[in-house]
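Everything on this sheet refers to the single structure shown next.
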Amino acid sequence: MTPIQNADLHCHSTVSDGTLAPEALAARASANGVELWALTDHDEIGGQQRALAAARDCGMRYLTGTEISITFIGKTVHIVGLGFDATNPDLIAGLRRTRGGRDVRAMEMSDGLAKVGIKGAYEGALKFVGNPELISRTHFARFLIETGVCRDTNEVFRKFLIEGKPGYVPHSWATLKDAVTWITGAGGMAVIAHPARYKFTPNEEFALFTEFKSHGGQGVEVVTGSHSVPEYSIYADTAREFGLAASRGSDFHSPDESHTELGTLPFLPANLTPVWEALASRIQ
């Protein structure tokens with residue numbers, strides 16, 4: 001097998017909060033030279049068979065994927081799972097439980113927006129939802145942009161959807177142990193997604209990585225769409241410090257919203273173990 005460099009192991013389709021179908025994502029990734037791809041929809045693996053078939057049609061190799069929302073010291077953190085058995089019953093059941101609270105949360109978000117004069121936000125957000133079980137803040141953002149309330153996603157979140165704003169509703173997700181156990185129990189690798197985004201203190205971040213490893217976590221995203229160039233180096237060092245494999249993924253959601261295109265990130269820094277080397281036997 002020829003060495004892989006252009007792997008994109010983090011993106012989202014209409015099965016969660018992306019705007020493109022799995023087949024369109026595969027075509028886009030292939031056109032950008034992606035050699036190994038994974039579709040990582042939020043708390044959902046319903047698009048995996050379509051993604052695998054599309055990857056094969058485009059001549060790409062494929063790893064199963066998902067991105068699980070967890071709560072860690074009061075913040076939402078995302079754990080990517082790669083290379084798992086998508087038919088594993090414990091993983092399927094765990095993801096179903098994680099999705100379960102989203103609809104109630106969405107209605108509470110809509111109520112909060114209504115109190116500041118934005119009516120019909122729940123129904124408006126639903127128009128952008130491919131999978132009603134996975135309605136999210138992203139779908140509310142699209143509604144608020146479409147109706148002219150805000151110019152872009154950044155303005156929506158800043159004014160309405162972060163803590164302390166009218167449309168913010170906290171949600172208690174799975175635990176770190178839950179997510180890592182579901183993924184590894186299904187034969188896959190658990191990966192901390194875009195760690196720079198969480199803005200943890202050094203002590204909090206050390207606690208996250210330490211607990212993650214203690215539960216069997218094995219990887220961290222080093223090169224990802226929301227990391228800056230200096231952060232590539234920071235998390236390359238973190239991967240080495242904790243003995244973790246390194247992942248690479250755009251976190252692509254939409255041609256209109258994502259500032260990082262599929263397959264266009266820099267390659268991983270030197271002297272790291274790519275996650276795909278550790279998962280070689282799981283590549284399809």
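The values are calculated or read from the model by the stated rules, or taken from the named source; none is laboratory data. Bear in mind the structure is a predicted one, so any value in this text is a computation, not a measurement. With ideal geometry, Cβ positions are generated from the backbone for all residues, glycine too; neighbour counts draw on all protein chains shown. Just so you know, the surface numbers come from the protein's heavy atoms only, side chains and all, with ligands and any DNA or RNA stripped out. Shrake-Rupley method; radii C 1.70, N 1.55, O 1.52, S 1.80 Å.
Counting only alpha carbon atoms, the long axis of helix 137-146 and the longest principal axis of the chain meet at about 60°.
Averaging the sequence gap over all C-alpha pairs within less than 8 Å and six or more residues apart, then dividing by the number of residues, gives region 62-154 a relative contact order of 17 percent. What's the local net charge at Leu265, with K and R +1, D and E -1, over the other residues with C-beta under 11 Å away? So the environment of Leu265 carries a net charge of -3.
Evaluating 6.51 cos²θ - 1.76 cosθ + 1.60 at θ = phi - 60° for every residue in region 24-41, the Karplus couplings come out as 5, 5, 4, 4, 5, 4, 4, 4, 9, x, 5, 9, 10, 10, 9, 8, 10, 5 Hz, glycine and proline recorded as x.
Largest to smallest in accessible area, the residues Ile234, Ile135 fall in the order Ile234, Ile135 (1.4 Å probe, all protein chains included). Charges were assigned to the Cβ only: +1 to each Lys and Arg, -1 to each Asp and Glu. The resulting dipole of the chain about its Cα centre is roughly 380 debye. For the chain, the mean residue ellipticity at 222 nm estimated from helices alone is -10500 deg cm²/dmol, where every DSSP H run of n ≥ 4 contributes -39500 (n - 2.57) and the total is divided by all residues, rounded to the nearest 500.
Helix 102-114 and the long axis of the chain differ in direction by around 40°, with both axes built from C-alpha atoms. Computed over neighbours whose Cβ is under 11 Å from that of Leu39, the net charge equals -4, Lys and Arg +1, Asp and Glu -1. Peptides 264-277, 182-195, 242-255, 49-62, ordered by how many other C-beta atoms sit within 10 Å of their residues on average, highest first, read 182-195, 242-255, 49-62, 264-277.
A Cβ-based charge dipole, computed about the Cα centre of region 28-83 with Lys and Arg at +1 and Asp and Glu at -1, lands at about 100 debye. Peptides 65-74, 38-47 ranked from most to least packed give 38-47, 65-74, packing being the mean of other C-beta atoms within 10 angstrom over each peptide's residues. Only one residue of Met60, Thr40, His78 has its Cα farthest out toward the positive end of the dipole of the chain, where Lys and Arg carry +1 and Asp and Glu -1 on Cβ, and that residue is His78. As an equivalent ellipsoid, the chain spans semi-axes of 29, 21, 18 angstrom, where each value is the square root of five times an eigenvalue of the C-alpha gyration tensor, largest first.
Once the Cα atoms are used to define both axes, helix 89-99 deviates from the longest principal axis of the chain by about 30 degrees. The residue list His227, Pro274, Ser30 was ranked by how far each Cα lies along the charge dipole of the chain toward its positive end, using unit charges on Cβ atoms, and His227 comes out on top. Set the Cα radius of gyration of region 28-69 against 2.2 N^0.38 Å, with N its number of residues, and you get 1.13. Placing unit charges on each Cβ (+1 for Lys and Arg, -1 for Asp and Glu) gives the chain a dipole about its Cα centre, and among Ala193, Met109, Thr138 the Cα reaching farthest toward its positive end belongs to Met109.
Under 8 Å for C-alpha pairs, at least 6 residues apart: give me the relative contact order for the chain, rounded to a whole percent. Reported relative contact order: 21 percent. Bridges between two residues of the chain, per DSSP, are antiparallel at a rate of about 45%. Charge dipole (Cα centre; +1 on Lys/Arg Cβ, -1 on Asp/Glu Cβ; no other charges) of region 1-147 amounts to roughly 280 debye. The heavy atoms of Arg137 offer some 70 square angstrom of accessible surface to a 1.4 angstrom probe.
Here region 33-133 has 52 percent of its accessible surface on carbon and sulfur atoms, given a 1.4 Å probe and all protein chains in place.
Spatially, region 206-284 and region 26-89 are offset by 14 Å when compared through their Cα centroids.
Both radii come from the Cα set of region 14-124: Rg as radius of gyration, Rh as Kirkwood radius; their ratio Rg/Rh reads 1.06.
Working from the Cα coordinates of region 133-284, the gyration tensor eigenvalues give, after taking √(5λ), semi-axes of 30, 19, 16 Å in decreasing order.
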